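Shown next, in structure tokens, is the structure this report addresses.
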Amino acid sequence: MSRQAKDFYEFGNFKIDSVERVLLRAGEPVPLTQKVFDLLLLLVQNRGHVVEKDRLMLDIWPDTCVEDGNLTQNISVLRKVLTDEGHQYIQTVPRRGYRFVGHVREVSDESELIIEEHSVARLVVEEHNGNAPDPSSSPPNTIAPLVPSGKLQGAANWSLARTGLLTGLVLIAAALVVGYFWFSSSLRESSTTPARETQSIAVLPFRVLSTNAGDEFLGLGMTDALISKLSGLKQLTIRPTAAVRKYASSNQDAAVIGQELRVDSVLGGSVQRDGDRIRVTVQLIDAADGRMRWTRAFDEKVTDIFSVEDAISQNLALALAVKLSEGEQTQLIKRATRNPEAYAIYLQGRFNLNKFTEEGTRLARQYFEQAIKQDPDYAQAYAGLAESYAFGEIGLPPGEAFPKARDAATKAIALDEQLGQAHAALAQVAFLWDWDWSAADTQFRRAIELTPGDPEIHHMYAHYLVAMARRDEALGESQRLLELDPLSPASRNHLGWHYLYTRQYDQAIQQYKLVLAIDSNFTEAHRQLSEAYKEMNKLDEAADEMCKRYELMGRGNDAALLKQAYLKSGWNGLWQKRHELLLQRSKEAYVSPSGIACSYAGLRDKTHLLEWLERAYRERDHDLVYAKVDQCWDLVRSEPEFQNLMKKMKLDK
């Protein structure tokens, strides 16, 4: 029998033969059922990472409907079998799944040669004229800040010190990250271990060693800029800013953070300003075993930071020529602006935009506009301005926001055609406002080509593909979104939304339950879960989820009225009460015409449904873009008025 490479896994007193499917303890076979062995092998192969319950259930029992208790029972058996001087190899992650924890070696059969051991040699690079800290003085699994050499001197106003630092630090960190992966890829190519096509990394908010409150934005602002720069590299998978911002003030172990985020490596560091000098450390931590792979320190005069940029950029381009495309090399080393004041103001805009609040978006617009005044040719500032009008909590009527988004994105692309975010904003305008389906598709594709690692672009393109009834392509984009941001309830909820709108209700319900296991207060999951239950005629469950959503929105009195209506008159009574509450609310706040039309659909009132659909068309209600697939309109699809509407929107083909 010919053996495969990597057919043994050793940990503690145990060895797994994955070909013969045997677990050995001190050389003696341990009797296991087939399912228990499969479970152990899957956990060991994903060691250090949480394996979700739903994946375990699907992989171990692919063609069988089983209860959670089956999984729990098999885990219990494994724990008893793997007792090893009190060490517990299987860790429960509440409401999610299980993680195998322990040092594992992978060895071959004949020679016992170690093919892969999760203990990576450390590469340390120090700046020649700097006084970098000794990495061994810090625990190997932490991002160690520099000890202040003197009292930090901050300033309330913008300064070259602060802004030059940020510009240089982004390029420094980008160079180190990509340089590391180039170095490690070279090692992998010379070994017998097949190289992986991509590496995943999380860039944590940099620690700002300053007492100046005005420096608050530095850490996260720099992180966002670095993530944006690296997300254009196809061989790296970067966790988005939204996934890492919660670690801004965390002292949590870097390796644990990496395991939580399901990445191979974690990049972090610190920034210290002392008089006219800037000191920066950048460190890369292996998420599997917590070891520091490399570190670099810079201690420079503030006025020399642009020289540091140039030196790193030139060396990076030379070192990575065989690994990066010409376009990627250009993007990585390109300076968006040479005006430090404009750059600092731009980072303030990014910092506020990433708060994902209406007030944060309003402030972001102001900062982007100020940055443009400082540098009228600053393409990234125009792109940020376009994002603030096209995505998230816009806080403006669509008729005002989308034309402004188009103008800003068009200007950004005129200045720099390579900005993926600007193309994404144009795509969003074409999709939700212009209803120019061909232009939207072209712009979304270009945005993804330029910025493949941005999850929000994949998110919106998936929405577009669902609206166009391109079901398989939409699923691919939805799954890519989840790969890029796996721990976000919103990413998994979007996958549920995909299944809801493609009428795969069982799968939708499964995804919504996973979302609520992560965050039971995620209101959109309750709303959409109610819709899925309704479509499956599970009306008790649908009513319950609807009422939970109202309660979470702070509308407890309305939730009580809905419950009473359901108990008295069933689903029809509940929907009638919901309709009355919706019309009442429309007198106090904006409610989309499509939303009111859908409410009439639930009452099976075709006349009012069609009237409100026509109003939605006149107002260019962006919810109407889903008319081809939305279940709400099934009642009137055969009506001439609806078919005429589809023709006017060019959705009839």
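The values are calculated or read from the model by the stated rules, or taken from the named source; none is laboratory data. As the structure is a computational prediction, the values presented were derived from the model and not from experiment. In this analysis, Cβ positions are derived from the backbone assuming ideal geometry, glycine residues included, and neighbour counts consider all displayed protein chains.
Give me the pairs: first residue in region 621-646 and basic (Lys, Arg), second residue crowded, with 17+ Cβ neighbours inside 10 Å, beta-carbon distance under 6 Å, and six or more apart or on different chains, which are they?
Filtered contacts from region 621-646: 628/651.
If you go through region 68-81 one residue at a time, do you hit one that is more than 22 Å from residue 19 (Cβ to Cβ), part of a loop (DSSP other than H, G, I, E, B) and not assigned by TED's automatic domain parsing to the domain that holds residue 486?
no
Would you mind telling me which numbered condition in (1) out of contact with any Asp or Glu (no Cβ under 6 Å at 6 or more places or on another chain); (2) in a helix (DSSP H, G or I) residue 418 fails?
Here residue 418 clears every test but (2).
Condition check ((1) aliphatic (A, V, I, L, M); (2) closer than 18 Å to residue 88 by Cα; (3) surrounded by fewer than 17 Cβ atoms within 10 Å (Cβ to Cβ); (4) modelled with pLDDT under 90) across all residues:
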position: 17; (1), (2), (3), (4): no, no, yes, yes
position: 22; (1), (2), (3), (4): yes, no, yes, yes
position: 33; (1), (2), (3), (4): no, no, yes, yes
position: 39; (1), (2), (3), (4): yes, yes, no, no
